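Nothing in this text is a laboratory measurement; each read-out follows from the coordinates by a stated rule. Keep in mind that this is a model prediction, so the values were computed, not measured. Virtual Cβ from ideal backbone geometry, glycine too; neighbours counted across all protein chains shown.
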Amino acid sequence: MSDFLQYLISGLAVGCGFALLASGLVTIHRVTHVVNFAQGMFAVVAGLTAGSFLSVGLPHGLAEVAAVAVAGAVGLLVGLIAIGKPGTSAQSALIATLGLGFAAYAVEIMIWGDNPRSHPGLRGTVEIAGAYVQKQSFLVIGVTAAVFAALLAFFTRTYLGKALSACAANPYAARAVGINVTRMGLVAFVLGGMLGGAAGVLLTPLMPISYNSDVLLITNGFAAAVLGALNRPGLALIGALTLGVAETMVAGYYEASYQTVVALALMLVIMIWQSSRRTALQEEAAR
Amino acid sequence: MKPSPRWAAAAAVCAAALLAPLLLSETQLPVYIVLVLAACVVTGLSMLMGYAGQVSLGQAAFFMIGGYTAALIALEELPTWLGLAASPLVAAVLAAVIGVPLLRLRGHQLAFATLAVQLILLNLVGQQEWTGGDIGLQGVPRLAIGGYEFADDVAYAYLALAVLGLTVLITRNIVKSRPGRGLRALATSEVAAESSGVPVAGYKLAVFSLSAGFAGLAGGVYAFYFGYVAPSSFPVLLSFEYVVMVVVGGAGTIYGALVGATAVTLLLQLLNNIGTMEGMPAAAPTVLSYAVYGVLLVLVVLFMPRGLVPTAAAWWERRRSARPRGDDPASDGAERPAPAPASV
């Protein structure tokens, strides 16, 4: 029972990290219809940057926030390249973000080398009903809850958030009422970069990351987001938590090396199930 | 048909490809063989991306299946030619089986699904005892067909070229045929193609499994040439590399696939030589190769979305048609005044 509780809470924490990543993916996809393959890269950049800031003596908190800001800047850069040129289709933009992920590898290896790195988070463990849970796990869960609440408020209560939602709902109508759709797309990329960065900063103390961790992070983020067809942050949150818990349970009770297989198989099943409820006509009309 | 620049170019490319193994040095031959094998995979992927309009981010998975099939059969003391013959079949059949549910997905969903298939496969192969786990299978015997043993690099270079020739021939015949036109139609709009009587699902599955078969065949040759296969020989990055080659060359053209594979491989090799020069940091070759993939992919997607070959062909056609007609009586450009869509 104590094992179960331990796996549950650390699984929820990992799932929260995936949820942050997935919400960035959803934000960008809703506004720009681009599936951002570089989303995992934001997390890697922020996680490694936070470690560097900490090692030069920046205090906890400040280092993490600065790293998230760096990820936001990287997000802006990715957005400028992916959607800055008029007439870039969503499919081309996906390939462009794949290329940007490669370019980021080069920069990351130059700065941080190719070994996995980690930085200390919140130290110590808490005992609950016989289970020892890392404090960092609670930090991840708490921050994620706060971020999702802030996102909800942002999208429903502020002008900028409403403008973003307007672009997501109908880009043509949004332009007609004077919203600059491209600029909103870039805002979405900055937001996506910061959300990905937050995931990276929070997850790095739990699992060391290296430059090529982004493939696994993006597949997990995508797997979570795909539950809501990349458009609904709420469903992405549920998907991410399920995924995190399922992976941790498989790793704990069965075999650690099978955890990604479970996540990926789950993603495939969900996608195929969803596609069976959709026709080609609907998809082409939505293009 | 009278000899046209097109045929002259094809003959020149063939001659250069056939002469190259005799002229290249010992250190260059392995690069050449890898290049030719990559071109086989890329030809199939290019057909999938250009004609069926589907992106596969897991094409190296089928390359891996081919390699493991050949290695397993050869290590069972069965005739090695059987291993080579089985590698495309196993890859194609597996692709057909997983393609039935997978090809209901489109666009980015299929891209992620194929990526997931490769990650799953890599993970499973790394765990099983009969595939040798993470260490893989070693000591694969040399390929022997009808008493002739492929012993040296030159023999494998010609084997790889023969495989590429077969791949190109099959692709060309399919593209020129009625199903090829059906495929091009379904890449534009599946609904329109379906209503004009194109069996969309069947054609997509056929192309998917054919491109997997090409990759499997190339993987079989790879296993015999290098003598070992391991999960680390077939990373996800290899799949991305194939996509880079397709996009750079131009999806949906055979020349594009060949040019893409050649250009990317040569550029990487050049940078690798620069990166391993004295005074360069140890990580330089890796950094340079990643930078090249990234920069190349972004530049081509943004500024040359049709790829090198179709862009160059269109430029050539424009130049010809801009010239006064009387200058060039033998021009076949007069028959096709508009820049033709990417053809083979």
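Shape analysis of chain A places it in the prolate category; the axes a ≥ b ≥ c from the Cα gyration tensor give an a/c of at least 1.5, with a/b above b/c.
Short-range pairs are left out: with C-alpha atoms under 8 Å and at least six residues apart, the relative contact order of the range B:25-234 is 43 percent. With the helix formula -39500 (n - 2.57) applied to DSSP H stretches of n ≥ 4, chain B reaches a computed 222 nm mean residue ellipticity of -23500 deg cm²/dmol.
Where a ≥ b ≥ c are the square roots of the eigenvalues of the C-alpha gyration tensor, would you call the range B:25-234 rounded, which needs a/c under 1.5, or, failing that, prolate if a/b is larger than b/c, or oblate? In terms of gyration-tensor shape, prolate. Think of each Lys and Arg Cβ as +1 and each Asp and Glu Cβ as -1; about the Cα centre, that makes the dipole of the range B:25-234 roughly 1060 debye.
Note on the range B:245-321 and the range B:1-67: Cα centroid distance 14 Å, given to the nearest whole angstrom. Taken as Cα centroids, the range B:154-174 and the range A:28-48 sit 40 Å apart, rounded to the nearest whole angstrom. Modelled this way, with points 7 Å down the Cα-to-C-beta line, the labels at B:Ala282 and A:Ala169 are 5.7 nm from one another. Hydrophobic, long helices, defined as DSSP H runs whose alpha-carbon span along the helix axis is 24 Å or greater and whose mean Kyte-Doolittle value is at least 0.0, occur in chain B at B:5-23, B:28-50, B:59-75, B:80-102, B:107-125, B:153-176, B:200-226, B:254-275, B:284-303. For the pair A:Ala149 and A:Phe4, a Förster radius of 22 Å applied to the C-beta separation gives a FRET efficiency near 0.20, rounded to the nearest 0.05. Using a Gaussian network model of chain B in which every pair of alpha carbons under 10 angstrom is joined by a spring, one finds that among B:Ala70, B:Ala86, B:Ala291 the greatest mean-square fluctuation is at B:Ala291.
For chain B, the longest piece that avoids every one of the GluC sites (Glu not before Pro) found in DSSP loops with at most 11 other C-beta atoms within 10 Å covers B:130-277. Quick check: the distance between the Cα centres of the range A:65-83 and the range A:196-232, to the nearest angstrom? When both Cα centres are located, 16 Å separates them.
Counted by Cβ distance under 10 Å from B:Gln54, the other residues give a net charge of +2, where Lys and Arg count +1 and Asp and Glu count -1. Neighbours of A:Gly239, meaning other residues whose beta-carbon lies under 14 angstrom from its beta-carbon, give a summed charge of 0 when Lys and Arg score +1 and Asp and Glu score -1. Spin-label pair A:Glu127-B:Ala15: with each label point 7 Å from Cα along the Cα-Cβ axis, the two points sit 8.5 nm from one another.
Look at the stretch A:197-205: the mean tally of other chain Cβ atoms within 10 Å of its residues' Cβ atoms is 0. Net charge in the neighbourhood of B:Val309 (other residues with Cβ under 13 Å of its Cβ; Lys, Arg +1, Asp, Glu -1) is +1.
Result for chain B in a Gaussian network model with C-alpha springs under 10 Å: among B:Pro231, B:Pro141, B:Pro179, the largest mean-square fluctuation is at B:Pro179.
With an a/c value of 1.5 or above and a/b not larger than b/c for the gyration tensor axes a ≥ b ≥ c computed over the alpha-carbon atoms, the range A:1-113 is described as oblate. Go ahead and collect, in residue order, the members of the range B:265-279 whose backbone nitrogen is under 14 Å from a label point 7 Å along the Cα-Cβ direction of B:Thr27. Residues B:269-278 fall inside that zone. Using Cβ point charges alone (K and R +1, D and E -1), the dipole size of the range B:129-244 about the Cα centre works out to roughly 700 debye. For the residues A:Asn231, A:Asn170, A:Asn36, a GNM of chain A with alpha-carbon springs under 10 Å puts the largest fluctuation on A:Asn170.
Think of it as helices only: each DSSP H run of n ≥ 4 in chain A is worth -39500 (n - 2.57), and spread over all residues that comes to -24500 deg cm²/dmol at 222 nm. Computed from Cα atoms, the angle from the helix A:62-83 axis to the main principal axis of chain A rounds to 30 degrees. Between the residues B:Val55, B:Ala86, B:Ala155, the greatest Cα displacement towards the positive end of the dipole of the range B:25-234, with unit charges on the Cβ of Lys, Arg, Asp and Glu, is found for B:Val55. In this simple spin-label model, placing a label point 7 Å from the Cα along the Cα-to-Cβ direction at both A:Ser257 and B:Ser195 gives a separation of 5.2 nm.
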